[in-house]
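What follows is one structure encoded as structure tokens, with my remarks underneath.
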Amino acid sequence: MIHPRQPQWRCPPQVVFCSTVAPSCDVVLQYKHGRPVLAVPLPSRQESCLFFLRPMLMTVGDLIHDLQREDPGVTSASVHTKDGARVANSTSIDSLLDKDFQLLINDAVYNIHSPEREASSVSSEHVVDVEDMKHMVQLLHTALHLPDHHLLKERQLLERLDGLKQDLSPLEQVKAQLARSAEFHSSRTLWTGVALLSVQGGALAWLTWWVYSWDVMEPVTYFLTYCTSIGVFSYYVLTKQDYVYPDAKDRQFLYYFHKGAKKERFNVQKYNELREELASVEEDLRRLRNPTQLQLPVEQIQSQP
Amino acid sequence: MVMELLTIVQTSFGLFRIAVVVIPFLYVGTLISNNFAVLLEEHDIFIPEDDDDDD
């Protein structure tokens, strides 16, 4: 029986002798259920022992200590890199498992191949290069100058707001007057509708009960209703809008508004542009309120409905 | 737009104004239809037969 501890049997690297079971030279590190498992043949009884490693919590020293505690026959155990340089005991298993390494137990050298890790366990640490430095410098610059920039922007926006409001105030007066007149006209249209309905109702009722009878009047009423439905569909065909009362009234309002605007020579397009600009300036000011007053980051631009 | 939906538009004296428009125009309707029927009878366009109710 060959005792592995006999010095004349010091084996050259990558060759190990034993009697009962020949351990594989390349001890493979496997991942079972997401955790790395090291199958190490212990020297005393030549049996393979599974060591479950905790990469983030264990160090090389812990592994060696566990090996020695498991098998008192292990006199010396150390971990080396593939080139043969010794790895310190304080190294975490996490950084050890990045590459292949060698495990020396009682002068027996085991090459351990570290398999590819699943993406979930990879940390976002990487070698710091120039891009990272540039990014860091940009972050610092932003942190130092951003509040002042916000205040400057706020001042500019307030100036623009003042200018816009000054431009808009004469236009607003004309628009208010036109709106009042258009509202009056469209409202008059609605009341006329009520009146016409009453006329139709009164006429048909009189004819049905006092002049003729229902047997005479019924077809008349049917065809009147049918003509109304023709009218409603024609409304859609001509205006591409549903015949619903609020929309129809708004349509009338706009018609009278534009008619009055043409008479008063009121530039509706310019007014609309100014109002849109005012709305966007007010929206930007509202977005700036968060960083300057509440010390929160700037809200992103949201698309308007 | 939501705030517009949550406020009720109330026309002052609403029911009275509706009545002021509907009732006279209802009467106007009866006048129109009566004249129309007289016109039809005058020109012999449509004369209703006065048949009594069936027993």
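Of the residues in region A:41-99, how many are under 47 Å from the mean Cα position of the chain (by Cα), surrounded by 12 or more Cβ atoms within 10 Å (Cβ to Cβ) and of a type in the set (A, V, I, L, M, F, W, C)? Within region A:41-99, residues that are under 47 Å from the mean Cα position of the chain (by Cα), surrounded by 12 or more Cβ atoms within 10 Å (Cβ to Cβ) and of a type in the set (A, V, I, L, M, F, W, C) number 12.
Of the residues B:38, B:28, which single one is within 11 Å of another protein chain (Cβ to nearest Cβ), surrounded by 10 or more Cβ atoms within 10 Å (Cβ to Cβ) and within 20 Å of residue A:193 (Cβ to Cβ)?
Checking each option against the conditions leaves just B:28.
Against the test of being within 30 Å of residue B:34 (Cβ to Cβ) and either at pLDDT below 90 or in a helix (DSSP H, G or I) (or both), the options A:237, A:232, A:281 yield a single qualifying residue, A:232.
State whether the residues of region A:210-231 include one that is of a type in the set (S, T, N, Q) and within 14 Å of chain B (Cβ to nearest Cβ). Give the derivation first.
Restricting attention to region A:210-231, the residues satisfying the condition of being of a type in the set (S, T, N, Q) are A:213, A:221, A:225, A:228-229.
Now restrict to residues that are within 14 Å of chain B (Cβ to nearest Cβ): A:213, A:221.
Yes - at least one qualifying residue is present in region A:210-231.
The single residue among A:12, A:72 that is more than 21 Å from residue A:97 (Cβ to Cβ), at pLDDT 75 or above and part of a loop (DSSP other than H, G, I, E, B) turns out to be A:72. Take region A:199-209 and flag every residue that is buried (at least 18 other Cβ atoms within 10 Å of the Cβ) and more than 7 Å from chain B (Cβ to nearest Cβ). A:208 - this is the single residue of region A:199-209 that is buried (at least 18 other Cβ atoms within 10 Å of the Cβ) and more than 7 Å from chain B (Cβ to nearest Cβ). Taking region A:216-265 as the search range and keeping residues that are within 23 Å of residue A:201 (Cα to Cα) and of a type in the set (Val, Ile, Thr), which one is farthest from the chain's Cα centre (by Cα)? Among residues in region A:216-265 that are within 23 Å of residue A:201 (Cα to Cα) and of a type in the set (Val, Ile, Thr), the one farthest from the chain's Cα centre (by Cα) is A:216. Answer yes or no as to whether residue A:295 is loosely packed, with under 14 Cβ neighbours inside 10 Å and away from every other protein chain (no Cβ under 14 Å). It is true that residue A:295 is loosely packed, with under 14 Cβ neighbours inside 10 Å and away from every other protein chain (no Cβ under 14 Å). Selection over region A:82-108 of residues that are touching a residue at least 24 places away in the same chain (Cβ under 8 Å), part of a loop (DSSP other than H, G, I, E, B) and out of contact with any Cys (no Cβ under 8 Å at 6 or more places or on another chain) gives a count of 8.
Right, residue A:215: loosely packed, with under 11 Cβ neighbours inside 10 Å, closer than 29 Å to residue B:29 by Cα and acidic (Asp, Glu) or not? Steps first, please.
Numbers: loosely packed, with under 11 Cβ neighbours inside 10 Å: yes; closer than 29 Å to residue B:29 by Cα: yes; acidic (Asp, Glu): yes.
Yes.
Every test in (1) loosely packed, with under 15 Cβ neighbours inside 10 Å; (2) in a helix (DSSP H, G or I) is passed by residue A:261 save one, and that test is (1). Is it the case that region A:188-198 has a residue that's exposed (fewer than 14 other Cβ atoms within 10 Å of the Cβ), away from chain B (no Cβ under 14 Å) and under 30 Å from residue B:14 (Cβ atoms)? Scanning region A:188-198 turns up no residue that is exposed (fewer than 14 other Cβ atoms within 10 Å of the Cβ), away from chain B (no Cβ under 14 Å) and under 30 Å from residue B:14 (Cβ atoms).
The residue that is farthest from residue A:177 (Cα to Cα), counting only those in region A:262-284 that are free of Cβ contacts under 8 Å to residues at least 12 places away in the same chain and hydrophobic (A, V, I, L, M, F, W, C), is A:279.
The values are calculated or read from the model by the stated rules, or taken from the named source; none is laboratory data. Note that the coordinates shown come from a computational prediction; the quantities given were computed from them, not determined experimentally. FYI the Cβ positions are ideal-geometry reconstructions off the backbone, even for glycines, and counts take in every protein chain you see.
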